[in-house]
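The values are calculated or read from the model by the stated rules, or taken from the named source; none is laboratory data. Computed from a predicted model, the values in this text were never measured in an experiment. Note: ideal-geometry Cβ built from the backbone for every residue, glycine included; neighbour counts use all protein chains shown. Quick note on the areas: whole protein, heavy atoms, side chains included, nothing else; ligands and nucleic acids left out. Shrake-Rupley method; radii C 1.70, N 1.55, O 1.52, S 1.80 Å.
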Amino acid sequence: MKKLIVLGLSALFLFTLFIGCEDDPETEEAPVTATALYVLNSGGQSISVVDLETGTVYNNVATVGTWPNQLVFKAGKLYCVNTGSNNIQIFDVDDFAATPEVIDLGSGHNPQNMVFVDDDITYVSCSLSESVVKVNVTTKAVLEEIDAGVGCTGIALAGGKIYASNTAYNAATWGYGPGTVTVINAATDAVSSTIDVALNPFSVGVAPDGLVHVVCTGDYWSAWGKVMVVNPATDTVVDSVVTLGSPGNIAFSEADDMAFLTIWGMGCLTYNTETLAMVNDTSNYFLGKGGTGAAADGDGNIFVSVWDDDQVVQLDKDGTVIATFNVGDKPAALALKVE
Amino acid sequence: MSQLIKILSVLIVISSIALSEDYGKVSGIVKCGPTDEPLIAVNVYLKNTHIGSATDENGNYCIQQIPPGKYEIIVKMIGFSQLQRKFIEVSKGKTLTMDFILHPQAITYNNGVTVTATRGHSLISEVPSSVNVIDKQELELKNPQNLAEALQNVPGVNIKDYGGLGNTKSISLRGSSDSQVLILLDGQRLNSPQSGSVDLNQISLEGIEKIEVVRGGNSALYGSDAIGGVINIISKKADPDKQGISSDFKFGLASFGTYTAEPSIRFNIKNSGITASYKYLSSKGDFSYTDNYGNPATRVNSDIISRDYYLGIIHEFGDPHYQRNLSLTYKQYNSVQGAPGTIEPYYYHARMWNRDNKISAVYTGKIFNLFHSLRLQSYYYDSWYKYKNNETAGGILSKYTTQTYGNEIQFNSVVGPQVSLTYGSGFRYDQNRDNITQNFNKQTSYYLFVVNESVVCINSLLQTISFVPSLRYDTDSKYMNHIVSPKLGAIFNFGEGWKSSLKLNVGKSYRAPTFNDLYWPEDAWTIGNPDLEPEYGNDWDIGIRLQYPILNGLYFESCYFESNMTNLIIWQQVDKWMPLNVDKSRNRGIENSLKLSPIKEFLDISANYMYLDARNLSESPTTHNKILVYRPKHTVNISATLLLKFIQLNYQYSYISRRFTDPSNNWGISLDPYSVSDITVNYNAKIINTQMDYSFQIKNLFDHEYRVIRNMPVPGREYRFSVKFSI
C-alpha cells in the first residue's frame, strides 16, 4: 500500500513536471484597410492598428525596438524611429507579420524623429550625436550626417529646408540651455542658419499656411510653454503663442485652421493657426487626460493617445469625444493612413 | 444519577487496571551529563512504534501501555547526542526503569538543522516552512562562481541574470519581485536601503558555510522585504576541534578569459580559531551572441576584476558543552567592471566600481542554565558605488555611499516540555549619501519579535502537531509607521520510518518603501513620495512532506502557495514621475520537490518543479489579469549526482518557460523558453599530506543561446577548470 502511495506521488510529480505545455502565441493580424490609425505602444513595444472604417482595433500586430519614439506613414510603408535601438524599422502595412527592414544608424545617435523630403530621402534628428542624419530608405544607406545642436529632437520640412530643434538639455544640471533651431538646406545638406527660440524646443510642425511652428515646452518647472512661429522664407521668428503648461507634440487640422498641442495629463491645448489666439488654454484644455501623441485628419478629427489609460481618443475640434479605442500598453505616438 | 456515575467510575478503574495488566511500562529520568540537571522536553520513544513520551519539568518520563516484547528505545533532544538502547524487554504488568544521561553536542549546520525558519535551531523536517539548505558539500560539488549560481536550482527560485559574469543577478521567490526577497548575512539584512534589492553578484561566497532558503512570507520573523521569502547566508565558523594550521590554494581557469586565485589559511589553537581567505577574479568577459536582427555580435565591455577578503575569528570559552563562543567576521568585496547595459542601446565604455565592507560580531551561549540561550550581534556594513557613462545625453556620473550598523539581542528559552520561545529585539541605523548631489537620507529602525514552537503529541510522539506562531513589531524614523506582522505555521507529523507531514502557513508580510521611493530629489520630471505606505502581502501555503525509507531515502514535498499583494509601489506620471501605492497582484502556484538515491551512496537524484501563476490585478484594462513580467509559468530543475570513490559527477538541467517582458504581455517581445544543462566532474586525490581537488565544469553544455532579461544576452557554452591544494 505504501509503495502504491509512493508510486502514485511520483507519477503525480512527473505529471506536474511535464504539464508545462507552451501557450499558444497571442498575436493579432490586422487586415488591409483603406484608412487606418497606427498607434505606437511604447510600453508594449508594439504597434496597434485602428481600422477607422469599422472602429476595430488590432493590438500588438508588430513589435518595435527599444525606446520607440515616432511613427511615420509614407508611401504605403510605416516607419518607426527607435531611439534606444538606434535604428528605423520599416513595416509593410499590408503584412505586419513580415519581418521589418531595419536601417541601422549606429550606436551613439539616439534618433528621435524623422521627416521625408520625398519617398526615398528622410532626415532624422539625433539627440545624442547632436546631428541630423540623411538616409535613403530604399537603399537603407546613411548618406550624410549634419551637425545640429545639443539635444536635437524635433524635425520638420518647410520650403525645401529642414528645421531641427535643439533642446540643449543638460543632464548634469537637469536643466536646459538656450533653445535653437538648426536650418538645413535639403538640396545641399548645409546648415544655412541657426534660429534662437524659447526654452526646450521639443517638437516642430508646419502649419497649413507653410509657417514653421516650434513647440517650446519649457523646463516643466518654472518656464512654461510657448510656440515660436518661424517664417521659412526669412528663417526668422515672426510671432509666438504663449500656451503655458508644458506642451509636447503638435498636430494641425487644415479643415479648421487649428493647432493641437498635446500636454501630459491634461489632453490638448488648441490655438488658431491664422490668428495665433489660444482657443483652449490651460484653463479650458480639452480631454482632461492623456496627451502624448496627436494626429489630425482632413475631416476635422483629432486623435490623442492617452498614455495612462492605454487608449486613443477621437475628438472633434471642440473637444467632443467621438470614439475611444483601447490600444496597447502606453501609447505614445500616432500616424494616419488616409487613401 | 450520582449512583450511576459511581458505578461507571468503578467500572472504568477496574477495566483500566485489567487492561494495564496486559501491558508494561518504561519510566525513568533523563539528565544532562555535565551538570546532572534534569532535562525537560526530551523525546523518549520506542523505535518503529507509535509509543513514546517526553520528559516533564523534573526530567521524568513514563511510557505506558507497551505490549510485551523486545524494543529499541530512543532518547533524543536537539542540542544533545542521541541515545539508543536495543533489546529492552517489556513484560506484562511490569514497569521497567531506565535512566539516561544525555551529553550536550554542538549543533552543526550539516545535520538537517535550520536557523532561519524559526530563528532557533530546528530540524528542517519538523518546521512548517518550506526550507532548502545549500550546505558546504553542495557548494563544493557544484563549485558556483557567485550566489546566483548557488541558488539557481532551489525550488521556488528564479534568477534574473542580466548577462555575463559581472552583470547584475537578482532573485525572485515564488514570483515575488527581487526587492520582495530578504537577503540576510548571518541573520542581518543586506537589502539596500536605497533600492531595496541586492545584486547577488556582489555577494561573496568566500567564508560561507551554508545558505538557507525559506520560502513564503516571513516578516513576522525578519521584518521588511520578506514577502517572497528569506535567504540567509551563514558564515563559516572555524572549527577548534581541528587543531593546528591548515591551508589551501585554489586556482581556476575558465572561458571568456576568466581566471581566479583563492588562497586561504586556518589557525586553530586551543579554543580559538582564525580563518583568512582571499579570492581574486579577473575576466575579460567578452562573449558572442546574436543581436535582435539575427546578426552575430560580441558582448564587449563585460570585463570584471574583483577581490574578496574574508577574516573569521572564533573563540570558545567557559565550558565547551555550553556552546559559549564569540565570533568576529570581516568581509570586503571590491570590483571594477564594464557596464555595457542592454544591447539596445549599448554602452561600450560605461564603467562601474563597487566596494563593500561587512563586519559582524556574534556572541552565543547558554545563560542561567541549559534551557536558556542568548545571542548578541553587532554589525557594521558600508558600501560605496560609482557608475560613469559618457554615452548618454550629458553623461551620467553616480556615486553613492551607504552605511549601516545595528545590534540585536535574541533569547531562546525552553519553557516547558516541547515548548520553546525565541524572542528579542534589535536596532538598526541606515544612511545613504549621494556623493554628487550630497543628498543625504537616514533612518533608524527598531523591532521586537517573538516566536513560539510548541509540539502537541497526539496518541504518541510519532503523531505530533507543531505550532509555530510568530509576531514582530517594527517601527522606524522614516515614516513612523507601526507595523505588526503575524504568522502562524503548523505541521502535523506522523510516523517515524515512513514519516509523513502535513503543513500549513498563514501570515502577513510587508516591504517598506526605499530611500529612492521616499526621497528621490525633485527635478524636472521626478520626485519622491514621503507619504508612501509599505507594500503588503497576505500569504498562505499548504503542503505535504513525505520521507520514506525506500530507494535509500525518498523525500517528496508538494506545496500550494498563494500570496495577495496590495499597495504595490509603482512609479507613475502624475504631474511628475513619482511612486504611488497603486497596484495589486496575486501570485499562486505549486512547488514539488523530489529526492531519492536509487543506488545507495552511488547515485543521488533530485528534481523540483514550480507552477507559477503571477497576475497583475491593477485596474488598467491593458494589464489587468496579465502575467507579471519575468515570471515563468513553469520552472523545472533536475540534478543527478554520481558518487565514485575519487570522482563526483553532477549533471544539472533547468527549464524555464516563456516570460513576458512588458505588463501588457505582448507576445512579440516575450522571451522564448529555454533549457540549460550543466555538468561538473570533481576528482579528489591525496598525495602524502596534500589533498588535491580537481573540478571541471561545462556550463550551458549544449551552447543554447537564450535570454533571461530582454536585450541582455547571456554567455554560451563555458568551460571551467579549477584545482585546489589543501595541506
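Remarks
- Counted residues, region B:420-442 - those being open to solvent by 40 Å² or more (accessible area, probe 1.4 Å) and in contact (Cβ under 8 Å) with a residue 60 or more places away in the chain: 2
- Tally of residues being farther than 30 Å from B:P128 by Cα, open to solvent by less than 40 Å² (accessible area, probe 1.4 Å) and either away from every other protein chain (no Cβ under 14 Å) or not charged (D, E, K, R) (or both) across region B:522-546: 5
- Residue match in region B:355-368 (condition: within 14 Å of chain A (Cβ to nearest Cβ) and small (G, A, S)): no
- Among (1) away from chain A (no Cβ under 13 Å); (2) modelled with pLDDT under 90; (3) crowded, with 20+ Cβ neighbours inside 10 Å, the one test that B:E601 misses: (3)
- Enumeration of residues in region B:667-702 that are under 26 Å from B:A339 (Cβ atoms) and more than 14 Å from chain A (Cβ to nearest Cβ): B:V676, B:K699, B:N700
- For region A:87-107, a residue qualifies if it is within 30 Å of A:I146 (Cα to Cα), open to solvent by less than 30 Å² (accessible area, probe 1.4 Å) and touching a strand residue (DSSP E or B) at 6+ places or on another chain (Cβ under 7 Å), and the qualifying residues are A:N87, A:I88, A:Q89, A:I90, A:F91, A:I103, A:L105.
- Residues in region B:178-199 that are assigned to a loop (DSSP other than H, G, I, E, B) and polar (S, T, N, Q) were compared, and the one that is surrounded by the fewest Cβ atoms within 10 Å (Cβ to Cβ) is B:S195.
Yes or no, residue by residue, for (1) touching a Pro at 6+ places or on another chain (Cβ under 9 Å); (2) away from chain B (no Cβ under 14 Å); (3) not β-branched (V, I, T):
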| position | (1), (2), (3) |
| --- | --- |
| A:N272 | no, yes, yes |
| A:L287 | no, yes, yes |
| A:G293 | yes, yes, yes |
| A:D297 | no, yes, yes |
| A:D309 | yes, no, yes |
| A:V312 | yes, no, no |
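- Looking across region B:703-727 at every residue that is part of a strand (DSSP E or B) and of a type in the set (S, T, Y), the one that is nearest to the other protein chains (Cβ to nearest Cβ) is identified as B:Y719.
- Checking A:D196, A:D209, A:D147 one by one, the residue that is open to solvent by 30 Å² or more (accessible area, probe 1.4 Å) and at pLDDT below 95 is A:D209 and no other.
- Residue satisfying all of: in region A:153-174; within 14 Å of chain B (Cβ to nearest Cβ) and assigned to a strand (DSSP E or B); surrounded by the fewest Cβ atoms within 10 Å (Cβ to Cβ) among these: A:N170
- Test: residue in region B:604-627 that is touching a strand residue (DSSP E or B) at 6+ places or on another chain (Cβ under 7 Å), buried (at least 18 other Cβ atoms within 10 Å of the Cβ) and over 26 Å from B:S563 (Cβ atoms): yes
- Residue in region B:641-655 that is of a type in the set (V, I, T) and under 30 Å from A:N326 (Cα atoms) present: no
- Lone qualifier among B:Y71, B:Y61 - being open to solvent by 20 Å² or more (accessible area, probe 1.4 Å), modelled with pLDDT of 80 or more and of a type in the set (S, T, Y): B:Y71
- Of the residues making up region A:245-266, those that are more than 14 Å from chain B (Cβ to nearest Cβ) and either under 20 Å from the mean Cα position of the chain (by Cα) or crowded, with 16+ Cβ neighbours inside 10 Å (or both) number 13.
- Region A:38-82, subset part of a loop (DSSP other than H, G, I, E, B) and either within 16 Å of A:D297 (Cα to Cα) or basic (K, R) (or both), residue most open to solvent (accessible area, probe 1.4 Å): A:E53
- Enumeration of residues in region B:375-393 that are open to solvent by 30 Å² or more (accessible area, probe 1.4 Å) and in a strand (DSSP E or B): B:R375, B:L376, B:S378, B:Y380, B:D382, B:S383, B:W384, B:Y385, B:K386, B:Y387, B:K388
- Residue, surrounded by the most Cβ atoms within 10 Å (Cβ to Cβ), within region B:141-177, restricted to residues that are aliphatic (A, V, I, L, M), touching a Pro at 6+ places or on another chain (Cβ under 9 Å) and closer than 16 Å to B:V214 by Cα: B:A150
- Members of region B:649-658 found to be open to solvent by less than 10 Å² (accessible area, probe 1.4 Å) and more than 7 Å from chain A (Cβ to nearest Cβ), listed by number: B:N650
- Test result for B:Y400, within 24 Å of the chain's Cα centre (by Cα) and either closer than 29 Å to B:S477 by Cα or open to solvent by 60 Å² or more (accessible area, probe 1.4 Å) (or both): no
- Residue match in region B:674-697 (condition: touching a residue at least 12 places away in the same chain (Cβ under 8 Å), of a type in the set (A, V, I, L, M, F, W, C), in contact with a His (Cβ under 7 Å, 6 or more places away or on another chain) and outside the structural domain of B:Q137 (by TED's automatic domain parsing)): yes
- Every condition in (1) among the hydroxyl-bearing types (S, T, Y); (2) under 30 Å from B:A607 (Cα atoms); (3) modelled with pLDDT of 75 or more is met by A:S10 except one, and the failing one is (3).
- Test: residue in region A:230-245 that is assigned to a loop (DSSP other than H, G, I, E, B) and touching an Asp or Glu at 6+ places or on another chain (Cβ under 6 Å): no
- Remark: pairs (first residue in region B:394-408, in the same structural domain as B:T437 (by TED's automatic domain parsing); second residue β-branched (V, I, T); Cβ separation under 7 Å; 6+ apart in sequence or on different chains) = B:L397/B:I436; B:S398/B:I436; B:K399/B:I436.
- Residue count for region B:614-648, restricted to those that are more than 12 Å from chain A (Cβ to nearest Cβ) and under 30 Å from B:W571 (Cβ atoms): 7.
- Matching residues in region B:164-223 - criterion: being in contact with a Gly (Cβ under 7 Å, 6 or more places away or on another chain) and under 15 Å from B:P513 (Cα atoms): B:S179, B:Q180, B:V181
- One residue alone among A:N110, A:N136 is within 14 Å of chain B (Cβ to nearest Cβ), more than 25 Å from A:L37 (Cβ to Cβ) and either among the aromatic types (F, W, Y) or in contact (Cβ under 8 Å) with a residue 12 or more places away in the chain (or both), and that residue is A:N110.
- Evaluation of B:D225 against (1) farther than 27 Å from B:V113 by Cα; (2) in contact with a strand residue (DSSP E or B) (Cβ under 6 Å, 6 or more places away or on another chain); (3) assigned to a loop (DSSP other than H, G, I, E, B) (one fails), failing number: (1)
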